[in-house]
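The structure under discussion appears below in the form of structure tokens.
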Amino acid sequence: MSDAGSFAPGTAVFPRVGPELFEAVRAAHPQRVVLQVPAGLVRNATDLVERLRTETGVPVVLAARACFGACDVPSRDEAPRADLAVVLGHAPIPNVALPRPTFFVEMREPGGDPVRLADRVVEAGVPRRLGLVASVQHLDLVDPFGDALTRRGYDVRVGRGDRRLAYAAQALGCNYTGAEAVAADVDAFLFLGTGRFHPIGLAFAVDRPVWSIDPLQELVEPPIDRGTLVRRRQLAVATARDARRWGILVSTFAGQNRSPTALALQERARSHGREAEILMFDRLDPRDLEGRALDAYVNTACPRIALDDSASYPKPVLTPPEFLMALGELPLEPYRFDTYH
């Protein structure tokens, strides 16, 4: 894929760790580099640090905390002496201002035979009017895979999302606007990638069956049960409707901070006679919310905190649209995903 959006100054993008990255780091003449890796690469992190240090001759420090995406790149406080960041496994978010020049290494995966994958889709009985969505690692497969499906009689649509998405067909855990752009023209979506994280988020965002295919194992997974997901969230809304004292959660991560949204929600709560206080954090831990004199929370940080991890928290945690449902300002149907723009 070559349709990247315009990125913040100082941002560079590389398909994988290799000579192109090393040359760019050397050319930037940093005094110190901070390397951030996702959970799947933690085991190899020290080897990557050593390789980057050896190839560039620049001191490298490793960001230790868990990395969830390009929305939580290392802050100035985490690596105060580093003047360049290298972030593995994620694409830039074009509309997020970064604390320092940052090189993203997207770790593109060339594997996966588009012809065989298309055959698996046909065999699984996936609907013919189909929208394609992919993780960053497998975006290079979207065009040849889509062509293979078209030759088998599929009407394939790939959507271009809003300013938060760098590429067409791309999925972010907080933004599926590329899929939403073509939802009216398809009968189902097919996610190209591994794991259930993105298919579940996509199922919340679009009212269409969401299938998935692992391009390496060539396995097609049946549709996500959207109805059950939505009913669980509606139950959470119902549980919180009588809450009088609310905590509004705000993240300090560069790509997750929605302070204006939090202030607006605080005003909405007070207009309904509820108390609402804003709580700031970087990475939220369920223990941070224990023992507080609050009845429920509305989360303005990553929406997946509420949608995926709600059982870990001592009180109900809603997304902003769910919060407005609890106040009676929005109906329960249709369900609205908390999309970051």
With the checklist (1) buried (at least 20 other Cβ atoms within 10 Å of the Cβ); (2) in contact with a Gly (Cβ under 7 Å, 6 or more places away or on another chain); (3) within 30 Å of ALA254 (Cα to Cα) in hand, flag the one item GLY131 doesn't pass.
(3)
Can you work out which of the residues in the stretch 269-322 that are of a type in the set (Lys, Arg) and under 11 Å from ARG245 (Cα atoms) is modelled with the lowest pLDDT?
ARG292
Total residues in the stretch 1-50, condition assigned by TED's automatic domain parsing to the domain that holds SER75, small (Gly, Ala, Ser) and loosely packed, with under 11 Cβ neighbours inside 10 Å:
2
In the stretch 74-95, the residues that are in a loop (DSSP other than H, G, I, E, B) and in contact with a helix residue (DSSP H, G or I) (Cβ under 7 Å, 6 or more places away or on another chain)
GLY89, HIS90, ALA91, PRO92, ILE93
Considering the stretch 311-328 alone, what residues qualify as being of a type in the set (A, V, I, L, M, F, W, C) and assigned to a loop (DSSP other than H, G, I, E, B)?
LEU327
Considering the stretch 52-75 alone, what residues qualify as being buried (at least 16 other Cβ atoms within 10 Å of the Cβ), farther than 20 Å from LEU284 by Cα and not polar (S, T, N, Q)?
LEU52, GLU55, VAL58, VAL60, VAL61, LEU62
From the list LEU139, LEU130, LEU98, pick out the single residue that is among the hydrophobic types (A, V, I, L, M, F, W, C), touching a residue at least 24 places away in the same chain (Cβ under 8 Å) and assigned to a loop (DSSP other than H, G, I, E, B).
LEU98
Scanning for something of a type in the set (Val, Ile, Thr) and within 27 Å of ARG226 (Cβ to Cβ), does the stretch 84-99 turn up at least one residue?
yes
Top-ranked residue in the stretch 77-95 [being surrounded by fewer than 21 Cβ atoms within 10 Å (Cβ to Cβ) and at pLDDT 90 or above; ranked as farthest from the chain's Cα centre (by Cα)]:
ARG81
Exactly one of CYS67, CYS71 is part of a loop (DSSP other than H, G, I, E, B) and either closer than 27 Å to GLU20 by Cα or in the same structural domain as PRO209 (by TED's automatic domain parsing) (or both), and that one is CYS67
So, in the stretch 147-196, how many residues would count as being buried (at least 17 other Cβ atoms within 10 Å of the Cβ), assigned to a helix (DSSP H, G or I) and either touching a residue at least 60 places away in the same chain (Cβ under 8 Å) or among the acidic types (Asp, Glu) (or both)?
2
Report, ordered by the first and then the second residue, all pairs with beta carbons closer than 8 Å, sequence separation of six or more or different chains, a first member in the stretch 211-223 that is on the phi > 0 side of the Ramachandran plot, and a second member that is charged (D, E, K, R).
GLU218/ASP113; GLU218/ARG116; GLU218/ARG120
I'm trying to understand the selection: among the residues of the stretch 169-193, which are touching a His at 6+ places or on another chain (Cβ under 8 Å) and of a type in the set (S, T, N, Q)?
ASN175, THR177
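The values are calculated or read from the model by the stated rules, or taken from the named source; none is laboratory data. Computed from a prediction, not measured in an experiment: that's the story for all the values here. Using ideal geometry, Cβ is built from the backbone for each residue, glycine included, and neighbour counts are taken over all protein chains shown.
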